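Structure, as structure tokens:
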Amino acid sequence: MQIHHTIAAIRKALAEVRHNTGRIVFVPTMGNLHEGHIALMRQARHHGDCVVASIFVNRLQFRPGEDFEKYPRTFAADCEKLVAAGVDYLFAPSEEELYPEPQRYVIEPPVDHANILEGEFRPGHFRGVATVVMKLFAIVQPQAALFGKKDFQQFMVLSAMVREFALAVDVIPGETVRAADGLALSSRNGFLSSVERAEAPRLHRLLSQIVTAVRTGNHDYTSLTAAAEAELQASGWLPDYVAVRRKFDLQSPAAQEPADTLVVLAAARLGSTRLIDNLEV
Ligand code: PAF
């Protein structure tokens, strides 16, 4: 695997790739890689000739007081995993390289995509995500890019950005990878104490129960999500939201929307760790 830390070096390397082989598939990450990321790298291989990963902890998508400073940085271990997964190129810029001056030109996603669910609790988050992904796309110029569905709203926002700007990038979803007890793999799981780790699968269990209820004809989404929030609270969590939404645009569904067009999403704090998860109906 070739590792490049500068925009000039990765551009030069990928210009040669484009000349020789063709289709570049890109998997942007913030590092601290787990099986979920590695599954995306393997999936990427089926969508092109050359797999490019990036590692960059993007300050723009964190609010002051969030976990930017303590976000785990595990570069050497990440590189080993990427090599084992057969990744061809890694772009790992410093902050000074990617943002040599304040990034004043930004991508501002529409409020009905960016200010709901995650965006309500993390104002500006999707502006930061969309801006860095647009910049990484401009550098890597991939023909396809993979994003995990664990961050369902991120996938929706980035798909819409690519569609509305007519970018020549296929946005491909990756399935969420889970531990045997159902907990979705996440870099933030490492922050959980052993007691919290034992409690954490409740989030997935509650989402599964709502999915089963909706599939069997229960359309009272308000009661279903309120009951889940109440159980989280009673079990020591601080829920931000549990919501049933349309997959396409994450807006509230009409009463008789077909079940298979829906997704159930949740975010809740367990101790000092904020976990998110979702399940498609
Ligand atoms: O999903 C992530 O890890 C990040 O939001 C991304 C897409 C790499 C942008 O920083």
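The table below gives the values:
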read-out: Considering residues of region 206-254 that are open to solvent by 20 Å² or more (accessible area, probe 1.4 Å) and β-branched (V, I, T) only, the residue nearest to V111 (Cα to Cα); value: T222
read-out: Output for region 70-101, where each listed residue is under 24 Å from R11 (Cβ atoms) and β-branched (V, I, T); value: V83, V87
read-out: Residues within region 119-146 that are open to solvent by less than 10 Å² (accessible area, probe 1.4 Å), closer than 25 Å to R269 by Cα and within 12 Å of the ligand (Cβ to nearest atom), tallied; value: 4
read-out: Per-region count, region 155-175, residues open to solvent by 40 Å² or more (accessible area, probe 1.4 Å) and either within 12 Å of the ligand (Cβ to nearest atom) or β-branched (V, I, T) (or both); value: 0
read-out: Qualifying residue in region 102-115 (condition: within 18 Å of M30 (Cα to Cα) and either among the hydrophobic types (A, V, I, L, M, F, W, C) or within 13 Å of the ligand (Cβ to nearest atom) (or both)); value: no
read-out: Qualifying residue in region 42-57 (condition: more than 14 Å from the ligand (Cβ to nearest atom), at pLDDT 95 or above and touching a Ser or Thr at 6+ places or on another chain (Cβ under 9 Å)); value: yes
read-out: Selection status of F191, among the aromatic types (F, W, Y) and farther than 20 Å from A266 by Cβ; value: no
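The values are calculated or read from the model by the stated rules, or taken from the named source; none is laboratory data. Computed from a predicted structure; not experimentally measured. Positions of Cβ are backbone-derived with ideal geometry, glycine not excepted, and every protein chain shown enters the neighbour counts. Ligands, DNA and RNA are stripped out before the accessible areas are found, and what is left, the full protein with its side chains, is counted by its heavy atoms. Shrake-Rupley method; radii C 1.70, N 1.55, O 1.52, S 1.80 Å.
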